[in-house]
Structure formats: C-alpha cells, structure tokens
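J.: Attaching a single structure in structure tokens format; questions to follow.
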There are 4 protein chains.
Amino acid sequence: MNFASDNVTGACPAVLDALIAANAGAAMPYGNDAWTARVQQRLRALFAHDSLLAFPVATGTAANALALACLTPPWGAVYCHREAHINVDECGAPEAFTGGAKLVSLPGEQAKLTPKALAEAVGGRGVVHHVQPAAVSITQASEAGCVYTPDEVAALGEAARAHGLHLHMDGARFANAVAALGVSPAEVTWKAGVDVLCLGATKNGCLAAEAVIFFRPELAESFPFHRKRTGHLVSKGRLLAVQLEAYLADEVWLDNARHANAMARRLGEGLASVPGCDLLHPVEANEVFARLPQPVSEALRAAGAVFYDGHFGAGTQRFVCAWNTDPDDVERVLNAAGAAAADGARDP
Amino acid sequence: MNFASDNVTGACPAVLDALIAANAGAAMPYGNDAWTARVQQRLRALFAHDSLLAFPVATGTAANALALACLTPPWGAVYCHREAHINVDECGAPEAFTGGAKLVSLPGEQAKLTPKALAEAVGGRGVVHHVQPAAVSITQASEAGCVYTPDEVAALGEAARAHGLHLHMDGARFANAVAALGVSPAEVTWKAGVDVLCLGATKNGCLAAEAVIFFRPELAESFPFHRKRTGHLVSKGRLLAVQLEAYLADEVWLDNARHANAMARRLGEGLASVPGCDLLHPVEANEVFARLPQPVSEALRAAGAVFYDGHFGAGTQRFVCAWNTDPDDVERVLNAAGAAAADGARDP
Amino acid sequence: MNFASDNVTGACPAVLDALIAANAGAAMPYGNDAWTARVQQRLRALFAHDSLLAFPVATGTAANALALACLTPPWGAVYCHREAHINVDECGAPEAFTGGAKLVSLPGEQAKLTPKALAEAVGGRGVVHHVQPAAVSITQASEAGCVYTPDEVAALGEAARAHGLHLHMDGARFANAVAALGVSPAEVTWKAGVDVLCLGATKNGCLAAEAVIFFRPELAESFPFHRKRTGHLVSKGRLLAVQLEAYLADEVWLDNARHANAMARRLGEGLASVPGCDLLHPVEANEVFARLPQPVSEALRAAGAVFYDGHFGAGTQRFVCAWNTDPDDVERVLNAAGAAAADGARDP
Amino acid sequence: MNFASDNVTGACPAVLDALIAANAGAAMPYGNDAWTARVQQRLRALFAHDSLLAFPVATGTAANALALACLTPPWGAVYCHREAHINVDECGAPEAFTGGAKLVSLPGEQAKLTPKALAEAVGGRGVVHHVQPAAVSITQASEAGCVYTPDEVAALGEAARAHGLHLHMDGARFANAVAALGVSPAEVTWKAGVDVLCLGATKNGCLAAEAVIFFRPELAESFPFHRKRTGHLVSKGRLLAVQLEAYLADEVWLDNARHANAMARRLGEGLASVPGCDLLHPVEANEVFARLPQPVSEALRAAGAVFYDGHFGAGTQRFVCAWNTDPDDVERVLNAAGAAAADGARDP
C-alpha cells in the first residue's frame, strides 16, 4: 500500500528481463553499444522525427539540468512554474549545471504555465544588467498531476518562439500524460514547439533511465561534454539503454502509464466521494492531491497506506499510483477512508 | 577476446542475482532503503572502521569529482599524477564540481606520486594570489597498472598531513590492488592516512556502482548536497546499493579481482617472453601495458583480440583483464603473438 | 539637469583632492598600504565595532556578490525582495560568485522585506532536495527609495537568526538612509543584526569605491580568496582606500547624502503638488518615483532634464538626486512641470 | 628605492591630469560616456584595425579571466607557460570565470611558449573524456622579463590556428615589450595571429586600467555579460576610460615604457658586472631577475632598496623598474652592490 511515490517501485518485468539478457557478453563502453544505438532509432520512430538526438542518463535531475545547460548561458533566465521540480526539488542542479542561470518562477493554475504569465515576466533582452531570456520549462504531467493539452503546449511553444526562448519539457511523467491525452508523442512535443524533452522512465517501469531528447539536433552540440563532465556518462551504457529499449517496446511504457492513471482516477473518484474529502486538482495522470480530514488521514495510515503529507500546504496529501499499483490496495484505501468518514459522522 | 577495458563486461552472477531479487516490492527512495543502510554497515566491518560514511553513486567520475568537491574550496589545489584519471579522463569533472579548483599535475614513475614530487609542488599557503594547497589524489591501482604498497600510501599520507592536505584515493581498481597486495582494506586506506576512498565496483563485477567512503565523517558534511545538486542521488537507491552489497559479500570483489589479476599476470608474462615485445610497466594488477612490434599487434587483432592503442604513446598497447576473462582467450592471444613473432623472425 | 542616477556624477572635491594627494610616491600593492589600513580603523570607529573587517572593492555588484559568496554555499537560498538590485540588476552576479545559489524573491511594500514574507518562504532545511536557507539580503535605502528603520532592521535580524540565516545589507545608498534616519551607523546595522554591510560610496561622492564590512569577522574567512579569484583585488590599493578614507572623514559622506536627500525631498514635494502628478513611494532618501502625465514628462525632457522611464512599470519615472544636485535644477524641473500641468488644464 | 613591482607607483602626470579634468560634470554610466567611445577609436587607430572591440576593466586578473571566458567552454583546455600569471598568480580566476576550464601548463625557456611545446600537449579533440583544446595564452613581456619577437608570436599564431586554438596575449607589460621591440602594436598582435590582447596600463602609468581588445569582434559577443556578471562593469566608466585615453595619447605609454626599460637595462648591466652577481634572464623589458650573493642582497636592503626574493627559486631576486624609476636610485643600488661585492672580496 505504498502511494508515497512512483519511484518506490522496482522495474517492470519486461525491463528487468531485458536487463538480464543484456548483461551477457562484452559490449563497448560509454554508449558505443548496440542498445544505445537502437534506443535512438526507436525514439525517432516513436516521435516520427528523423533527426532527433537522444541521450540516456540515470536520473531525472541530471536529465533536466543537463538539458537546460544546453539551452541557456550562465547569464540566462529560465522561466518555469514556481512549483516546478527544477525549481524546488533539485537542490539547485539547474543552477549548478548551467553555471548559475536564474530560474524565474511564475504562477499558474494546476502548476501549469501560461503564455500570459510568460509574457509578463520576459524582458531585459540585450540589457547587460539583466539576465537574458533563454528558455521556458514546463512539466508534463505537471507537479499538480495535471496535463498540458497539445493546444496548451503549442500556445506556449508559440509564445516561446515569439520571445526567442527555447522550450524544455520535463517529462518525468510524460508517459502518464500521453496515456491520458491519447495523442501521439509528437503532437505534444516537437510539433507543438518543444525543443528538448526529458523523457522519464524511472518512475514508470525502469530502475534508473531517462532520455534527453533533442528535437533540434543543433542544440545538443555541447551535451556530450556536459554529460561527461558531470559524471553522467555511464561506462556500461547498455545498463541505461536496454531499460529504455524494453520500456519503449510493445507499448510497455503506455500500458504501465495507463494502469497507473486508471488507479489514480479510481482513487481520486473514490476519495472525492468520501464526505469531507476534497481533491485539490483534477486527477489527470497518476497523482492524487487531496485534503483529507485528519481522522481519515490517520485511518489510512492505520490501514497501512504510505503517502506524503503537506505537498500543497498543511493538511494536504499526495497519493501516487504506479505501473504495479494493486487495485485491491486502492479499494482498501477507499474502504478505510469511507469507514473513517462514517465513524466521524456518527461521533462528531 | 575483448581486452579493451574491464568496463566491457556485464555484472557478475552474484551481483546480477542480487539485483533481480532486490527488484521485487516497494522501497523508499533516495537511499532511504534497507540495502543502502546495509552497505554502509558492511563497509564499516570490511574496513574495520566504526564511523565511516559511505555513499553509493553510479560512476567513477562522479565519485571522484564529488569526493574532491568535499576536500577543496574553489581556490584550492589538488595535487595528482599527470596521468591521473581525474586529470586526463574526466573532461574536467573535478574542476566542474569543485567550482574550479586547480589540478596540479606531477610526474612519477609507474604513474605513482611520491612525497618528494609533492613537496616540490606544494606552496603558497595563505598567499591570496595563489591557489591554496587542499588535497592530494592518488590512484590505486595506478594508471600504469601498478600498486601503491601500504608503506607508500602511508608515506604520502604523512606528507599530506605535513602539508595540511587531505588525501583522496581513486580506487577504481581498488579490489585489484588489495588482491595484489594481500593486505586488509584498512591497511592501505585510513590506517595509511587516506581520508576519502572512491571504491570502484563497476569495473570488477557490477553494472554501475561506486562507493564514496569518508573515513573522516566530518569531511562528508556537504556530500549529500553536492550529490543531489549534480543529479547523482538516484531515486531507486536499491539499484546501486544492492550491487555493492552483493559485490562485497563472500569476497566476491576479491575473487573477481584475483581472477582478473591472474589473467593479467599470465598475459604479461607471456607477452614479455615473446621476442620483440616489451612491457612498459610491471603487471601488478589487472592491466598490461606493452609495446608490441606492429606485426604482432596486427596478428592479435586478426585473431580477434580487442585492445586500445597509444595509451602511453605511439606504438604502445593496453590490455585489461576482468572478472570474467577467459583463460583460453589469454592463451589464444599469446599463441597468436608467439606465432607472429616467429614469422617475423623467419621473414624479416 | 541629469537626474538619471546618482552615478552620473564625478567625485566630490574632498575625495578628488585626497586621491590626487595619495597618488604621489610608492606604496606596496594589493592592500598592503597605509590607506587601506586606515580605512578599516576609521570604519571601526564609525561603527563603534572593534573587530569588524572591511574590504574595499570597486563596484557595488562586486561588493554584493562577494559578500553573498561568503554567506551561502552553492546550494543555498538567499531571500530578497523581488525588486532587489541583486535579483534584477546584476546579471546574475550573485549566482556566479556563490557557485549557483538561488535568490528567492519575495514581495513587500516599498521594496522592503518583512519578517512575515520571510517566514512564509523559508523551509526545507536539511532536506537534500531543496536549496538550503542561508541568507537574507535587504537594501538600505530600498529600491523604492524608502528606508528601513532600526526597528524594522532589528525585526528582520531577529527573524534571520530564528531561521538560521545570515543578514546581508546592500548599502548602495546607506549614507542616504543614515542621513534620513538620523541614527548612528551601528544602530541600523550590527546592533540590529546585520552580519555584512556593503557600504556604497560610488554613488555619493566617490568614483569607484565600496566597502564590504563584516561585523562577524569569522564570516570573512574566505573573502580574500573570493576577491582575488574574481579579479577584484586591485593592485594599487590606495586608489580605492583613499576614496573611502576621504569619504568617511569629516562627515563628507553624510553631508553629501543630506544634500541629495534634501534635493529629492524638495523635488518630490514639488512634483506631488503638481496637478496630475503622483508619487509612487514616500521620498525618504534621494530618489523620487513618480507617475507624471505624458505632457509633463515631455515638458521636463524639453527643459533638459534627464531621467529614466518605466522603473515601476509603464508611465512611471525615476529621478535621482546626488551630492552635487543643483537646487536651481530642481526648481527648473518643478517650474517646467507646473507650467506643463497648467497648460494641460487650460487646453485639455 | 622601491623595485618591488611596477604597481607600487601612482599614476603618471598625464593620466592624473586627465582624470582630474574628466571628473567634472555629469556623464552617463556603464560605459555610455564619451571617454569610453574615444578609447575604442584611439585603439583602432593605434592598432590599425577598423573593427576591434575594446573594453576597459580595472585589473589585469579581470582582463585575463574575462578574455579567456570568451575563448573556451568550461570543458576547454588553455595552454600556457607554467610560470604564466594566469596559471600561478591569479588564484584560479581563469578557472572561475571560464566555469572550470583547465590550464595546461607547459615548459619553455625565458617563460616563453614554443610551437613545439604546444604541439606536444594538444590532443583529444572530439573525445569526450578529455578537455577540449580551446586557446593558447602567452604573456608579453614574459614572466621572465623577456619579449616575444613578431616572428615568435607569428609562429605561435600559426600553430594556434593549425590546432584550432584561439590566441590570447596577456599584455600586462605590453608597452614595455613594444618599446623594446620597436615595432608597431599591430605587428606583434593581430598581424601575428593574436585574437585577444589584454593591454595593461596599470603598471605603466595608470592607477587601475586595462583594456581587453578583441581583434576578432565575433569573439566578444558574450564579453559584456561576463563583465557585468562578475562585477567588472564600473558605473562611472569615465574613471577607467579617461586613464586609457591619456595613457595612449602622445606616446605617453611608450615613453613611460622606454624609461622603465632603460632603467632596467642599466640596472641589469650594472648588476651583471658586479662580481658574483648573475642575471637569470636577458633583460629585455623592465624587469631584472638576478641571483645575488647574500651579502650583496643584504647590502641593497640596508641601502633602502625594496625588491622581492625567490621569484625563480631560493636565492633569486626580482627588480622591477617603472615609468618613474629614479636613475639615481639605480645608481645607488649599483654602488651598494659593487661596494658589498668588493667588501666580500676583501673579507671572504
């Protein structure tokens, strides 16, 4: 009953099996292996993009920070939502890898940026006293578990171009967003103006694997040096690449995400129907943000559920579903919540 | 017949089996898992050191650069051999993670530092124009495949203390060195003055796992922030920790290293006995550096051997043995070398 | 009639004369000169603080960024007003010199921080995912030309201590603030909890001279290395020190500031009395922020006044008075404004 | 009798007078003043180069580090002499401003680089494990007080181009070199392949003024941001620019250098003729490096001479002459040396 995060899980069977198989035999190091080459081909096919460049790395923080390092000079501004993972959960990794660029944090409903908020913030280009507009970063799905539609991404893509900004997408839960939207990966990325996507896989069936995908290859020129220089070029490259290969094969990534999303939807609907329980955001991907009465919250913990408190302020809770969330666990949570609420109604 | 590097290998069976077993079930992320806790306990026992602090990371470059970041201010000097991996093979990662500290490269036989070379280089303390003496870094086994004896380490440890320097050991092939020396891990590390050891495991039976070990815990204070901020805190911490746990259990690490060393010794002795072939350095660990006549070198490649040229200048070769090097492959190489040399003798 | 900034001025006579006198003869370089030593003594007397350490530098941006580099690790958070010079006018210098620390920008009336805003922002201490609370920075006088009272500074000092934060004061216009408050320098700095003051002099009678003053000497340990390493240790140290010495002698600094403040007060009162003209902030130091009808604004420019537009949004103006602002110029501006407003009233 | 350095001097009369004159009146800040514009025009004429871009800064360390920051990525290698000021006297400023580039230190007689030493060091281009060849830096006059001839610079310029490297010249004593060579400034800079020159003025008649001169304007694109972001854009720009303007007018810079060189030549010849005294390097500019018997050295100090010991090892001395070195002081030093040597001969 662990809903603390989607990263409490192990690898899904397809990924683990592929990893075991790939372990045998010798392979040249540092990405000069067959798996790494195949992952790029697979991504080109998946995104319907002939020239994208993809680089596996082990963590989402590395993926984001390395991507941003290619998009901004040290004196650049990166516009992002104030709740963005890059802004609040990476201990300043983007600042570290960019040489000190400034994250300009913006407001927005459902932890999503808007062209309007962007327009109000961008300025100072060419004036040496000010950091220079360089990039926008959005998170798909957002830190509130909500999803940018292709139109919303495209509007931001257009705004980014109009302001002369690169558009970065933190896709730690990209699979969940694509599964929720039912669109092609291309539609919500490069066709909508995304220049670089950090495609997460760790949370959705891998052990440690993300792909930094440059839809404009010229932006990747310095990436290999940034990656090596920060210790993120693993020697046994097949470790990362084979995870991604298996993850992207046979819709494993989407099947995993669909399951997680379905579990979250069920959990969200169920909690919303419990008296006194409110959802903070629409449940569009695999996360449920709620405000539960204290007795309900305590009852869930007593029933063995693990989840984080305080994600959106005191008295709020986050539940994350994953590729292997057990439907029975969801029902157990909902039953415990319903029972606690009923108890509360009887004994106020 | 791949002698290019010890990183062309997969994980050894014990490590792979442990990884498969650890994949099941939920575990709290970011190192708050049972495997990570156990690895530290195991290392404390192995090194006979009650208070060491150990942090798993995925790559040797990350391990070294993060360790050094704890040992020097941005205006510090880190003294190392001019052939040191940190100096020539990490694309400036130490400079990146330390905020721009200077690696002062020194000469030394067999790619080993000496107290004398150190004494000649250290200076300028307290003078604001000069970078400030901060740390010494040595590689065990060295970049020439040679091994520092406990006495040699201790002499450097004493020199380091005398100069007010921390002592860092890049132990990418620490297992090979310990196996070669037949000493306890403690004897060649903290008992000899080593403050921080980067204990390699990737090259010797793991897929991607290194442990940064602080024998003086107070030096590790900022390590967790450095690690997170550089994207090296993996979310599914068991991935790294379980590799290390299995690696260190039941002398797996030493058995792997002993095999690799034995293979290298056999290969080195064999090549040395081939007319026209010279060894550049004593074969003390798992690497063989040689100068082979061109016909011999070509014959080896024709026989299917993979190895790197030019490691110590034009006309030189490096052969690396690993935990799984096939003794028959070694014999095949030696036979091919012998035959080529004999042909050359006949048809000059 | 140049009201663009107080940095359009030259040095005041006392400072220039001292500079000329100091030019003669040889003096040891890099601050090992008599002037530099005397400046520190003078500041200790002025601030009634026996052990403060003072370091001259040439620019305010350098002063602030170097000071902050002593107060935060690269993974630290520096809380400041969103209008703070360090946040919007230094092209990321604080990020550069701190190794990438994060400026957390906060709201506040009159461009002043409050303990409440600070309390709402501080968090995450000890949690490795978040940047770590490190320092607060306030500007005296503020970017809105307003002044923190000793009580206001003391409240922030207390809040800073409660949150475990160092307190930095950007005193680019410290003289104007002290002159306005009529308090001792100690009362609004270290006695109120300020740890480091960047005492501006350039804008108020010098050519290029600021003093970074550490009231807690232990915080200055790394300052000399930061300063040298960023090219801010000038070789002919007397150049900076003699300016500061003359500036601080005989109340030159306060006399200069009193004049500038008086001119701004007169200008502000005058403009406020012109129909259609509004002041955006109380005029407490030497800056006047106004919203003038366009005909008035144009009339001022036609009369030869130089000033900046848009400082607080479209349709706003900033007028800065200095040590040498000519009272007649102020009257000329007011006359022009009054005439333009009267014209507008006649011909709407 | 201060021969410690050329930076113990004040400004020469022409520069001081110009500074006094420029102090009057208002001038727009941050280099938007008439002096700054005129300096660039003057430099274009002096160097016979229509499109060079020149930026005044206050210190030589800033000039060098900012220039290099435009010539190398953080993962670049900058080749320089092991005695280079950038390598040993700037506390790592080049590493700081370049984001951690590596200075690769090379040997060479008279502290001068050679194409041969360069060729032996350059390598690894395109290989992600190695720092990438980016720039060469030479010092004119060298740290041994010697001068690169136009042919020597041109040979290095050609080598730099052949290796794909930018060529930087640290011209802290450029005037002394040009005066010694009797060539045009263009001949030893851009016509010989220099891309960026840091033209020193502080040591030779100014108080604090250097010009970073880009002969290839496209290399300067990021300079203004680097300069601002490191606190080196002074607000009252005329302070720096007027010094440079006066320095470059009427051959002041060359007259000052000629005097300093002549004094050094006389001092060098005189010391060389004293029994037991040796020169370490030819005296080609304004510095004399000697090895004096201890009694001679002590006699000079007793006579009031100030100079540094140990510049090229124990028992060595450095004497620096400047624009205002008094010929009588030189004779006094020589007389004292001669007398001490004679005493020594009598009483061995």
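J.: Quick one: A:ALA4 ticks every box in (1) in a loop (DSSP other than H, G, I, E, B); (2) open to solvent by 20 Å² or more (accessible area, probe 1.4 Å) except a single one, so which number is it?
T.: Going through (1) in a loop (DSSP other than H, G, I, E, B); (2) open to solvent by 20 Å² or more (accessible area, probe 1.4 Å) one by one, A:ALA4 breaks only (2).
J.: Can you run down the residue pairs with Cβ atoms below 8 Å, 6 or more apart or on separate chains, where the first is in the range C:18-30 and more than 7 Å from chain D (Cβ to nearest Cβ) and the partner is aromatic (Phe, Trp, Tyr)?
T.: C:ALA22/C:TRP35
J.: Is the range C:301-310 home to any residue that is aliphatic (A, V, I, L, M) and farther than 18 Å from C:MET263 by Cβ?
T.: Yes, that holds for at least one residue.
J.: Scan the range A:112-157 residue by residue and report those that are touching a His at 6+ places or on another chain (Cβ under 8 Å), closer than 16 Å to A:PHE174 by Cα and open to solvent by 10 Å² or more (accessible area, probe 1.4 Å).
T.: A:LYS112, A:THR139, A:GLU143
J.: Now for a different question. From the list A:VAL283, A:VAL288, A:VAL252, A:VAL194, which residue is open to solvent by 30 Å² or more (accessible area, probe 1.4 Å), in contact (Cβ under 8 Å) with a residue 24 or more places away in the chain and in contact with a Gly (Cβ under 7 Å, 6 or more places away or on another chain)?
T.: On inspection, the qualifying residue turns out to be A:VAL283.
J.: Hey, another quick one. Quick check on my filter: what residues within the range D:307-348 are open to solvent by less than 50 Å² (accessible area, probe 1.4 Å), farther than 16 Å from D:ARG291 by Cα and part of a loop (DSSP other than H, G, I, E, B)?
T.: Correct list: D:CYS321, D:ALA322, D:TRP323, D:THR325.
J.: Only one of (1) in contact with a helix residue (DSSP H, G or I) (Cβ under 7 Å, 6 or more places away or on another chain); (2) within 15 Å of D:GLN243 (Cβ to Cβ) is not met by D:GLY10, so which one is it?
T.: Unmet condition: (1).
J.: Only one residue in B:ALA14, B:ALA37, B:ALA24 is part of a loop (DSSP other than H, G, I, E, B) and either open to solvent by 50 Å² or more (accessible area, probe 1.4 Å) or closer than 26 Å to B:VAL320 by Cα (or both), so which one is that?
T.: It is B:ALA24.
J.: Please list, ordered by residue number, the strands (runs of 3 or more DSSP E) wholly in the range D:49-162 having 1 or more residues that are touching a residue at least 40 places away in the same chain (Cβ under 8 Å) and either within 14 Å of another protein chain (Cβ to nearest Cβ) or under 22 Å from the mean Cα position of the chain (by Cα) (or both).
T.: Passing ranges, in order: D:53-57, D:76-81, D:132-139.
J.: Now for a separate question. Has the range D:220-236 got any residue that is among the β-branched types (Val, Ile, Thr), over 24 Å from D:MET28 (Cα atoms) and open to solvent by 10 Å² or more (accessible area, probe 1.4 Å)?
T.: No, that holds for no residue.
J.: Going through the range C:164-205 one residue at a time, which ones are assigned to a helix (DSSP H, G or I), out of contact with any Lys or Arg (no Cβ under 6 Å at 6 or more places or on another chain) and not basic (Lys, Arg)?
T.: C:PHE174, C:ALA175, C:ASN176, C:ALA177, C:VAL178, C:ALA180, C:LEU181, C:TRP190, C:ALA192, C:THR202, C:ASN204
J.: Limited to the range A:290-315, what total is found for residues that are more than 21 Å from A:GLY145 (Cβ to Cβ) and aliphatic (A, V, I, L, M)?
T.: The qualifying residues number 3.
J.: Can I ask one more? Got a sec? Which of C:VAL242, C:VAL252, C:VAL306 is within 14 Å of chain D (Cβ to nearest Cβ), hydrophobic (A, V, I, L, M, F, W, C) and closer than 30 Å to C:PHE55 by Cα?
T.: Criteria check complete, one pass: C:VAL242.
J.: Quick one: which of D:LEU244, D:LEU233 is among the hydrophobic types (A, V, I, L, M, F, W, C) and part of a loop (DSSP other than H, G, I, E, B)?
T.: Result: D:LEU233 is the single residue among D:LEU244, D:LEU233 that is among the hydrophobic types (A, V, I, L, M, F, W, C) and part of a loop (DSSP other than H, G, I, E, B).
J.: Restricting to the range B:113-142, name every residue that is of a type in the set (A, V, I, L, M) and under 20 Å from D:ALA96 (Cα atoms).
T.: Within the range B:113-142, B:VAL127, B:VAL128, B:VAL131, B:ALA134, B:ALA135 qualify.
J.: Regarding A:VAL188, is this residue farther than 22 Å from C:ASP89 by Cβ and touching a helix residue (DSSP H, G or I) at 6+ places or on another chain (Cβ under 7 Å)?
T.: So A:VAL188 fits the description; yes.
J.: Are any of the residues in the range B:251-268 under 25 Å from the mean Cα position of the chain (by Cα), at positive phi and at pLDDT 95 or above?
T.: yes
J.: Quick one: C:PRO275 ticks every box in (1) surrounded by fewer than 24 Cβ atoms within 10 Å (Cβ to Cβ); (2) part of a loop (DSSP other than H, G, I, E, B); (3) assigned by TED's automatic domain parsing to the domain that holds C:VAL78 except a single one, so which number is it?
T.: (3)
The values are calculated or read from the model by the stated rules, or taken from the named source; none is laboratory data. Just so you know, these numbers come straight off a predicted model, no measurement behind them. Heads up, the Cβs are rebuilt from the backbone with ideal geometry, glycines too, and the neighbour counts pull from every protein chain shown. Just so you know, the surface numbers come from the protein's heavy atoms only, side chains and all, with ligands and any DNA or RNA stripped out. Shrake-Rupley method; radii C 1.70, N 1.55, O 1.52, S 1.80 Å.
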